[in-house]
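The values are calculated or read from the model by the stated rules, or taken from the named source; none is laboratory data. A quick note: this is a predicted structure, and the numbers were derived from the prediction, not measured. When we count neighbours, we look across all protein chains shown, and the Cβ atoms used for this are built from the backbone with ideal geometry, even at glycine. Areas reflect the complete protein model, heavy atoms only, side chains present, ligands, DNA and RNA absent. Shrake-Rupley method; radii C 1.70, N 1.55, O 1.52, S 1.80 Å.
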Amino acid sequence: MPRLPDDAARELRAGYLGCVKYVDEQVGSIVSEMRRLDLWDDDAVVVFTSDHGYGLGEHGHWGKVSLYEIDAKVPLFVRDPRLKAFMGKKSRALVELLALGKTIIDLAGISPTFYGTMNGRS
């Protein structure tokens, strides 16, 4: 892939980082509103994830075109107030997004009969 001019690369990175900042602010607004409505500390389970990464010139490519970590990893945050021992902890465990549906069903206390034909393991 041809190398982008430095000014174009800076502009693309700035746009991407601006988008990330905007999403971060929106998540902060949701958390603030949940706290204001007194929903945060009770029994609200919060799951946040996103699309996979986006190469910004690493390894000479731009976009979502490889299996490098920068393209393949996704953010995944799970907050369950019932699991206080895990609050604020990180895990290096490999997680498949395929399992997310079953996990959310379990966290919500819904019967596993709702798994239907879902793949993955909670």
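How big is the accessible area of Met118 in square angstrom, nearest 10, if you roll a 1.4 angstrom probe over the protein chains?
80 Å²
Lysines within cross-link reach of Lys64: Cα-Cα under 22 Å, excluding same-chain residues under 8 positions apart?
Output for Lys64: Lys21, Lys73.
Calculate the dipole size of the range 5-122 relative to its Cα centre from +1 charges on Lys and Arg beta carbons and -1 charges on Asp and Glu beta carbons; express the result in debye to the nearest 20.
Values: 15 positive and 17 negative charges, 87 e Å.
Using Cβ point charges on Lys, Arg, Asp and Glu, the range 5-122 gives about 420 debye.
Hey, rough spin-label estimate for Asp7 and Ser66, points 7 angstrom out along Cα→Cβ, what's it come to in nanometres?
Taking the simple label geometry, Asp7 and Ser66 are separated by 2.7 nm.
At a 1.4 Å probe radius, carbon and sulfur cover how many percent of the accessible area of the range 53-122?
Values: 3270 of 5400 Å².
Percent of accessible area from carbon and sulfur atoms in the range 53-122: 60.
Cα centroid distance between the range 11-43 and the range 92-117, in Å?
24 Å
With every protein chain kept in place and ligands, DNA and RNA left out, what is the accessible area per residue of the chain? Probe 1.4 Å, answer in Å². Walk me through the intermediate numbers first.
Values: 9650 Å² over 122 residues.
Per residue, the chain has an accessible area of 79 Å².
Give the label of the value calculated from the structure for Cα Rg over 2.2 N^0.38 Å, choosing from [x] 1.34; [y] 0.99; [z] 1.99.
So the structure-derived entry is [x].
Report, in degrees rounded to the nearest 10, the 0 to 90 angle that the Cα long axis of helix 6-36 makes with the longest principal axis of the chain.
20 degrees
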